[in-house]
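For reference, the structure discussed in these notes is given below.
The values are calculated or read from the model by the stated rules, or taken from the named source; none is laboratory data. It should be emphasised that the depicted structure is a prediction, and the values quoted were computed from it without experimental measurement. Quick reminder, even Gly has a Cβ in these numbers, built from the backbone with ideal geometry, and neighbours come from all protein chains shown.
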Amino acid sequence: MAECIAVYPGSFDPVTNGHLDLIKRGLELFNQLIVAVVSNPAKQSFFLLEDRLEMLRESTREYAGRVVIDSFDGLLVHYLDKKGVHVILRGLRAVSDFEYEFEMALTNRRLCDKAETIFMAPSEEYIFLRASLVREIAMLDGDVSTFVPPNVKRRLCDRCQMIHGQKNRFNKNVTISI
Ligand code: ADP
């Protein structure tokens, strides 16, 4: 493979064991992965961008040097161009991911004909794992130990407590997207 670096983009809100499984698998194919967190100020996220980056840094420490944590806004193809990388790594969990991912891959290639998307399947245990599900379980006080690493679990507990506190203080009128 001529190109040895790939960009793995996503919201990582927060990073889950599924994302980490994909990073580990990606490093079998690429020398370096740039994990690029989407920063979209127009879209409300559960965690602030800085927190999402920090959790990723903490969770990928063992790959020091081979995994770079970064963020971007705007079009992914512009970010790829800036980095001089043309390979995008994405995860395919189930058939339900396929249509969206296929559309994105072809759209990115339409925008930049050098952009190639590589899809990888996670370990079977992570097939149904998505960050939104983890957030919902955490908000309902469920145990997320098997879905996220311990550092993320701690931050999820803190964030949920904060949100519950805000909801109580403001008479349950606060809408927070999970
Ligand atoms: P999510 O769908 O969990 O909110 P992101 O938007 O952060 O995730 O997704 C970034 C990329 O990681 C996408 O390609 C997505 O398919 C992939 N991904 C997310 N969770 C998993 C998982 N459990 N297994 C494999 N790939 C995953």
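Please count how many residues of segment 1-16 are out of contact with any Phe, Trp or Tyr (no Cβ under 6 Å at 6 or more places or on another chain) and within 28 Å of ASP143 (Cα to Cα).
6
Across segment 133-151, what is the total count of residues that are assigned to a helix (DSSP H, G or I) and more than 19 Å from SER59 (Cα to Cα)?
Selection size over segment 133-151: 4.
Which residue is farthest from the chain's Cα centre (by Cα), if the candidates are limited to segment 1-53 and must be within 11 Å of the ligand (Cβ to nearest atom) and among the small types (Gly, Ala, Ser)?
GLY26
Could you say whether any residue in segment 104-125 is within 10 Å of the ligand (Cβ to nearest atom), closer than 23 Å to ARG155 by Cβ, in a helix (DSSP H, G or I) and more than 14 Å from the chain's Cα centre (by Cα)?
The answer is yes; a qualifying residue exists.
Kindly check whether there is at least one residue in segment 71-78 that is assigned to a strand (DSSP E or B), touching a residue at least 12 places away in the same chain (Cβ under 8 Å) and either more than 10 Å from the ligand (Cβ to nearest atom) or surrounded by 20 or more Cβ atoms within 10 Å (Cβ to Cβ) (or both).
yes
Answer yes if at least one residue in segment 128-136 is exposed (fewer than 15 other Cβ atoms within 10 Å of the Cβ), away from the ligand (no atom under 11 Å from the Cβ) and touching a residue at least 12 places away in the same chain (Cβ under 8 Å), and no otherwise.
There is at least one residue in segment 128-136 that is exposed (fewer than 15 other Cβ atoms within 10 Å of the Cβ), away from the ligand (no atom under 11 Å from the Cβ) and touching a residue at least 12 places away in the same chain (Cβ under 8 Å).
Out of curiosity, is GLY65 more than 14 Å from the ligand (Cβ to nearest atom), part of a loop (DSSP other than H, G, I, E, B) and under 18 Å from the mean Cα position of the chain (by Cα)?
Numbers: more than 14 Å from the ligand (Cβ to nearest atom): yes; part of a loop (DSSP other than H, G, I, E, B): yes; under 18 Å from the mean Cα position of the chain (by Cα): no.
Against the criterion (more than 14 Å from the ligand (Cβ to nearest atom), part of a loop (DSSP other than H, G, I, E, B) and under 18 Å from the mean Cα position of the chain (by Cα)), GLY65 does not qualify.
Please state which of the following conditions PHE47 fails to meet, knowing it meets all the rest: (1) farther than 22 Å from PHE119 by Cβ; (2) surrounded by fewer than 20 Cβ atoms within 10 Å (Cβ to Cβ); (3) modelled with pLDDT of 95 or more.
(2)
Check off (1) within 14 Å of the ligand (Cβ to nearest atom); (2) in a loop (DSSP other than H, G, I, E, B) for LEU56 and give me the number that stays unchecked.
The single condition LEU56 does not satisfy is (2).
Provide a single number: the residues in segment 79-99 that are of a type outside the set (A, V, I, L, M, F, W, C), closer than 16 Å to TYR8 by Cβ and within 14 Å of the ligand (Cβ to nearest atom).
The number of residues fulfilling the criteria is 4.
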